[in-house]
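Data first, discussion second: the structure below is written as structure tokens.
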Amino acid sequence: MITMKDIVREGYPTLTESAAPVEMPPNKEDQETLTDMLTFIQNSQDPEISEKYELRPGVGLAAPQLGLSKRMMAVHFEDLNGNSYSDGYYNPKIISHSVEQTYISTGEGCLSVDREVPGIVPRHMRITIKAINLNGEPVKLRLKGYAAVVFQHEIDHLNGIMFYDHINKNDPFKTPDGAKPCDITE
Ligand code: N9Y
Ligand code: NI
């Protein structure tokens, strides 16, 4: 079972490296790792399990956060429209994205970052992703708003990019021109 002890923190090299593609079809070991990653994220949001094992609740996890430089990620969350996402993905790739940007109004955090880093993280409002899911099926996902932000945060990990790499150094809370927050509906 994956716990917080397995999650590497800032300074660990896999967090700043571009991860290697996973060979398809995935071998047993990679399948097991990705299944464990999804279980960890689900457990982290279960009040009893997360308290018992002292898990920090999260909506996604990327293999480089376990010290594994492989292109695998898992997500478990519901967006504001009530769409749920709960799956693991191999070799996810953004095949297109909007010009329009969005952001989480309170900024972002990361399970591999044990400090607050204040500021706006500009993201694409819409992305289309191709990947192989945990079941080994090719999938194409069209994502908008918060869902698009979560997948971009995870795919960034596969490219060695941290959320704070996107924050404007001179003016951390400057919102990009025309961007709308994805976490406030009015
Ligand atoms: C886990 C991150 C991923 C998200 C950060 C912004 C978009 C994706 C994560 C640190 C603390 C909070 C936590 C979080 C949450 C939210 C809603 C419901 C339940 C993956 N990570 N968080 N960041 N938790 N839990 O680093 O989930 O947002 O790479
Ligand atoms: Ni993260």
Task: Solvent-accessible area, 1.4 Å probe, carbon plus sulfur percent, for the stretch 4-181 - done: 48 percent
- [ ] Determine the order of THR35, THR14 by accessible area, beginning with the largest, at a probe radius of 1.4 Å.
- [x] THR35, THR14
- [ ] Please find, in a Gaussian network model of the chain (springs between Cα atoms separated by less than 10 Å), the residue of PHE77, PHE173, PHE40 whose mean-square fluctuation is greatest.
- [x] PHE173
Open item on the list: Need one value: the accessible area of THR33 in square angstrom, 1.4 angstrom probe, rounded to the nearest 10.
Closed with: 30 Å²
Task: Over the chain, relative contact order from alpha-carbon pairs under 8 Å, at least 6 apart, % - done: 24 percent
TODO: Taking a cut-off of 21 Å between Cα atoms, list the lysines near LYS52, but don't count ones fewer than 8 places away on the same chain.
DONE: LYS5
- [ ] Divide the volume of the convex hull of the Cα atoms of the stretch 79-186 by its number of residues and quote the answer in cubic angstrom per residue.
- [x] 113 Å³
- [ ] Could you work out the per residue convex hull volume over the alpha carbons of the stretch 60-125, in cubic angstrom?
- [x] 123 Å³
Open item on the list: From the helices alone, meaning DSSP H stretches of at least four residues, give me the mean residue ellipticity at 222 nm for the chain, per-run term -39500 (n - 2.57), in deg cm²/dmol to the nearest 500.
Closed with: -6000 deg cm²/dmol
Task: All-pairs Cα distance distribution in the chain, expressed in whole percent, bin size 5 Å - done: 1, 8, 16, 21, 22, 17, 10, 4, 1, 0
Task: For the stretch 4-181: accessible area per residue (Å², 1.4 Å) - done: 52 Å²
Open item on the list: Just to make sure I understand: if all protein chains stay in place, what is the order of SER50, SER105 by accessible area at 1.4 Å, largest first?
Closed with: SER105, SER50
Task: Gap separating the Cα centres of the stretch 28-79 and the stretch 151-182, nearest whole Å - done: 22 Å
Open item on the list: List the lysines whose Cα sits under 18 Å from the Cα of LYS144, skipping any in the same chain fewer than 8 residues away.
Closed with: LYS93, LYS130, LYS180
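The values are calculated or read from the model by the stated rules, or taken from the named source; none is laboratory data. Please read all numbers here as calculations on a predicted model, not as lab measurements. When the accessible area is computed, the model is the full protein with side chains, heavy atoms only, and any ligands, DNA or RNA have been set aside. Shrake-Rupley method; radii C 1.70, N 1.55, O 1.52, S 1.80 Å.
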